[in-house]
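Asker: This is the structure, below, for whatever I ask next.
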Amino acid sequence: MSVVIRSIASYIPEIRIDNNELAAKVDTTDEWIRSHTGIGARHIAPDGILTSDMAAQAAKSALEKAKISAREIDILIVATATPDYFGFPGTSCIVQDKIEAYGCTAFDVVAGCTGFIYALDIASAMLEARHARNALVIGAESLSRIVDWNDRSTAVLFGDGAGAAVLSRIDEPGRGCLSFILGAEGSGAKDLYLVQADRPNAFSREAPQTPVIYMNGKKVYDFAVKSITVLIERIMHATAYRLDDFAWIVPHQANARIVQAAGKRFKIPEEKFYLNMEEYANTSAASIPLALAEMDSKGVLKKNDLIMLLGFGAGLTYGAAVIRW
């Protein structure tokens, strides 16, 4: 039996802010943003729309494409760094209720921008171990709610959106989720984190504050370039595939320069990498499923294509997956 991605879909907020519009609010320019990141625009969730709303919309679209009902889902995992509620309840439980996937296992994964790959691995393993049928894996983010819009080093980078995949356990050997590599470097936890009030004491509290993103850009950039190159090397070693065997490499959509640096290291042509950060910016755990959904809608993903997913992000975390589409 194999665990395959049966369908993939996305939800993209209608509000679109291009670099020139952002430059009217933040001390930056379109040229600076494009030259440093490759980003040209980002989509922002309207007021009142939460992470669970976007996740539920993407999930409903994925279920419709898979031609199954929400009640056929056994496992529901939401990867997010921007849950509806920090702590609890899990956003996955809210999504479960919104799509009426009553009774299924539901939990969140917090692994930053690598979250979707972590969630894919967990869902695939659980389907196999439990001999279950279907899982719903969602990457969803409302990063606009935690960006410091006065900090141009981070404000220009992030956007909102959600992507959802239906995984099914079927009898098609050689297809589906073939291999995963996951890892973390916790020593870099404060290189990319959500600044918020400390809670060191039981009976005293600092005044609540709105959590905002802090990023040590240089350290995160260096980590990302190293992570991609190490992951590609480890995938080649673990699977015995050659780079020429892959139809596509789909990296986390953070910064075009990161991908270009890794491509040069392995002499990989740029056209083998699928990038859409120019339109959507960095959507953290949503970025890889957003890219896959766009590829699927354009018809560039063919059955039996071998693809590699590469992720890196807060934690610091990293991960890779090999999938036969």
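The values are calculated or read from the model by the stated rules, or taken from the named source; none is laboratory data. Computed from a prediction, not measured in an experiment: that's the story for all the values here. Quick reminder, even Gly has a Cβ in these numbers, built from the backbone with ideal geometry, and neighbours come from all protein chains shown.
Asker: Of all the residues that make up the stretch 246-274, how many are under 22 Å from L157 (Cα atoms) and either over 20 Å from the mean Cα position of the chain (by Cα) or not β-branched (V, I, T) (or both)? Quick ask: steps written out before the conclusion?
Answerer: Going through the stretch 246-274, the residues under 22 Å from L157 (Cα atoms) turn out to be 249-263, 270, 273-274.
Add one more test, that the residue is either over 20 Å from the mean Cα position of the chain (by Cα) or not β-branched (V, I, T) (or both), and what stays is 251-257, 260-263, 270, 273-274.
Within the stretch 246-274, residues that are under 22 Å from L157 (Cα atoms) and either over 20 Å from the mean Cα position of the chain (by Cα) or not β-branched (V, I, T) (or both) number 14.
Asker: Given the residues I146, I181, which is the only one that is among the β-branched types (V, I, T), more than 28 Å from H43 (Cβ to Cβ), at pLDDT 95 or above and in contact with a strand residue (DSSP E or B) (Cβ under 6 Å, 6 or more places away or on another chain)? Can you show your working first?
Answerer: On the way: I146 fails: more than 28 Å from H43 (Cβ to Cβ).
When all the criteria are applied, what remains is I181.
Asker: Can you name the residue in the stretch 257-284 that is part of a loop (DSSP other than H, G, I, E, B) and among the aliphatic types (A, V, I, L, M) and, of all such residues, is surrounded by the most Cβ atoms within 10 Å (Cβ to Cβ)?
Answerer: Here is the first cut: in the stretch 257-284, the ones part of a loop (DSSP other than H, G, I, E, B) are 267-269, 274-276, 281, 283.
Now drop any that are not among the aliphatic types (A, V, I, L, M), which leaves 268, 275, 281.
On the way: I268: 18, L275: 17, A281: 30.
Out of the qualifying residues, it is A281.
Asker: Also, I was wondering about something else. Can you tell me which residue is nearest to A320 (Cα to Cα) among those in the stretch 186-236 that are surrounded by fewer than 10 Cβ atoms within 10 Å (Cβ to Cβ) and at pLDDT 90 or above?
Answerer: G186
Asker: While we're looking at this one, here's another question. When A140 is evaluated against the numbered criteria (1) crowded, with 22+ Cβ neighbours inside 10 Å; (2) small (G, A, S); (3) free of Cβ contacts under 8 Å to residues at least 24 places away in the same chain, which criterion, by number, is the only one it fails?
Answerer: Only one criterion in (1) crowded, with 22+ Cβ neighbours inside 10 Å; (2) small (G, A, S); (3) free of Cβ contacts under 8 Å to residues at least 24 places away in the same chain is unmet by A140, namely (3).
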